[in-house]
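Note sheet for the following structure.
The values are calculated or read from the model by the stated rules, or taken from the named source; none is laboratory data. None of the values given here were measured: they were computed from a predicted structure. Please note: Cβ atoms are built from the backbone with ideal geometry, for glycine as well, and neighbour counts cover all protein chains shown.
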């Protein structure tokens, strides 16, 4: 199972031997830098099922993909070995319904895994923590692992957010409440662990205030797809919507925008009367142009600064003529066009939020226009950026250096 490298890197066997049906295999990626940057390493991982979650921590990567049973999934962790100059498979999990999150200490990937007794931390011998709830996010501060958890009936329901901090020997050094009722919580990269993003129900007017001078946390309310990153002493909030991502500060001051919105609309609906049918005087297909449509976005903190990581696509989409009813002589046809999006030529752009003139571009080739996902991080000593891009059943793993 060869791994494809870039800039003369890679090409060796990188994925450890596992059963064919439960491992992602590697091949060369088509990505290439088109502006002043260096693609230090690139490979594409193809998984046995659709990838629906990926996490990045420094050069570490955790992938999760579904199997035939929709309640179960497989997961696999990878890391980039600097001495060997290749991506290596580390561990595989499942199939099971457990929730796992990835963190990174100074030397290795660390997986926080939900289990019957709370959660476990691998590869360290951290004791089970009864009643800990679902792990949501994790990060190291020195030798201390901080984990945000949610106590709820399922991970998709609201619940109480808590923070648990543990040392390597399993000793719990902190266990305290963060917020009584929320959907999700995340650390803000570049800020201390006391600054958090909080996704809380929009229909909860009785929720307590997020900020208090006596509170141990500084909480920023956001909606589910929003990402945030440290921007000096404040934060930059990236909000993707309708083919665009806008970056602003918490007070709404505009900082940056990428994408031009969704493709143009298809022709409107119409009625065809007997003896006409929908296609008598209308073409069965018509194309609409797609330019700089946002496909996915996230944020990363690297090189001492906040960055917006965005993927935009160019190409065309097809409007297909459709008959919406069973029409006959006394019942006219209800006609219209439905948009069928096609794969687009995609570009990855890494833009410094506090200095937008500094930007790097990577040509990704043709990618699906729907279901794309991107995660990014600093790349420690391997490069400036680690970027992972999931499209259907494959993931492109890229290490990028800015010149």
Next on the checklist: Please go through the stretch 304-342 and give me each residue that is farther than 23 Å from residue 370 by Cα and surrounded by 14 or more Cβ atoms within 10 Å (Cβ to Cβ), ordered by number.
Outcome noted: 305, 306, 307, 323, 327, 332, 333, 334, 335
Next on the checklist: Quick check on the stretch 122-130. Is at least one of its residues within 20 Å of the chain's Cα centre (by Cα), touching a residue at least 24 places away in the same chain (Cβ under 8 Å) and surrounded by 15 or more Cβ atoms within 10 Å (Cβ to Cβ)?
Outcome noted: no
Item to check | Whichever residue in the stretch 203-243 is at pLDDT below 85 and within 29 Å of residue 341 (Cβ to Cβ) and, among such residues, is surrounded by the most Cβ atoms within 10 Å (Cβ to Cβ) | outcome: 222
Next on the checklist: Out of the residues in the stretch 145-174 meeting the condition of being surrounded by fewer than 16 Cβ atoms within 10 Å (Cβ to Cβ) and in contact (Cβ under 8 Å) with a residue 40 or more places away in the chain, tell me which one is nearest to the chain's Cα centre (by Cα).
Outcome noted: 168
Checklist entry - What number goes with the only condition from (1) surrounded by fewer than 16 Cβ atoms within 10 Å (Cβ to Cβ); (2) modelled with pLDDT under 85; (3) within 23 Å of residue 109 (Cα to Cα) that residue 27 does not pass? => result (2)
Checklist entry - So which residues in the stretch 185-199 are within 11 Å of residue 230 (Cα to Cα) and under 17 Å from the mean Cα position of the chain (by Cα), if there are any at all? => result 187, 188, 189
Checklist outcome for this item: When the stretch 223-242 is checked residue by residue, the ones that are in contact (Cβ under 8 Å) with a residue 24 or more places away in the chain and part of a loop (DSSP other than H, G, I, E, B) are 223, 224, 226, 232
Checklist entry - Taking the stretch 244-284 as the region of interest, how many residues are more than 25 Å from the chain's Cα centre (by Cα) and surrounded by 18 or more Cβ atoms within 10 Å (Cβ to Cβ)? => result 3
Checklist outcome for this item: Checked the stretch 282-304 for anything under 30 Å from residue 380 (Cβ atoms) and not in a loop (DSSP other than H, G, I, E, B); matches are 294, 295, 296, 297, 298, 299, 300, 301, 302
Item to check | Matching option when the condition is touching a strand residue (DSSP E or B) at 6+ places or on another chain (Cβ under 9 Å) and on the phi < 0 side of the Ramachandran plot, among 331, 350 | outcome: 350
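Go through the residues of the stretch 59-66 one by one and say whether even a single one is touching a residue at least 12 places away in the same chain (Cβ under 8 Å), farther than 20 Å from residue 186 by Cβ, surrounded by fewer than 23 Cβ atoms within 10 Å (Cβ to Cβ) and under 20 Å from the mean Cα position of the chain (by Cα).
yes
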Checklist outcome for this item: Being in contact with a strand residue (DSSP E or B) (Cβ under 8 Å, 6 or more places away or on another chain) and closer than 25 Å to residue 49 by Cα narrows 162, 108, 100, 104 down to just 100
Checklist outcome for this item: When every residue in the stretch 40-53 that is surrounded by fewer than 21 Cβ atoms within 10 Å (Cβ to Cβ) and assigned to a strand (DSSP E or B) is compared, the one nearest to the chain's Cα centre (by Cα) is 53
Item to check | Condition check for residue 142: buried (at least 16 other Cβ atoms within 10 Å of the Cβ) and either more than 23 Å from residue 401 (Cα to Cα) or out of contact with any helix residue (DSSP H, G or I) (no Cβ under 8 Å at 6 or more places or on another chain) (or both) | outcome: no
Item to check | Residue list for the stretch 74-104, filter: under 16 Å from residue 377 (Cβ atoms) and surrounded by fewer than 17 Cβ atoms within 10 Å (Cβ to Cβ) | outcome: 82
Checklist entry - Pick from 363, 381: which is surrounded by fewer than 22 Cβ atoms within 10 Å (Cβ to Cβ) and either under 21 Å from residue 228 (Cβ atoms) or touching a strand residue (DSSP E or B) at 6+ places or on another chain (Cβ under 6 Å) (or both)? => result 363
Checklist entry - Just to be sure, is residue 118 on the phi > 0 side of the Ramachandran plot and surrounded by fewer than 20 Cβ atoms within 10 Å (Cβ to Cβ)? => result yes
Item to check | Of the criteria (1) farther than 22 Å from residue 385 by Cα; (2) at pLDDT 85 or above, which one residue 41 fails | outcome: (1)
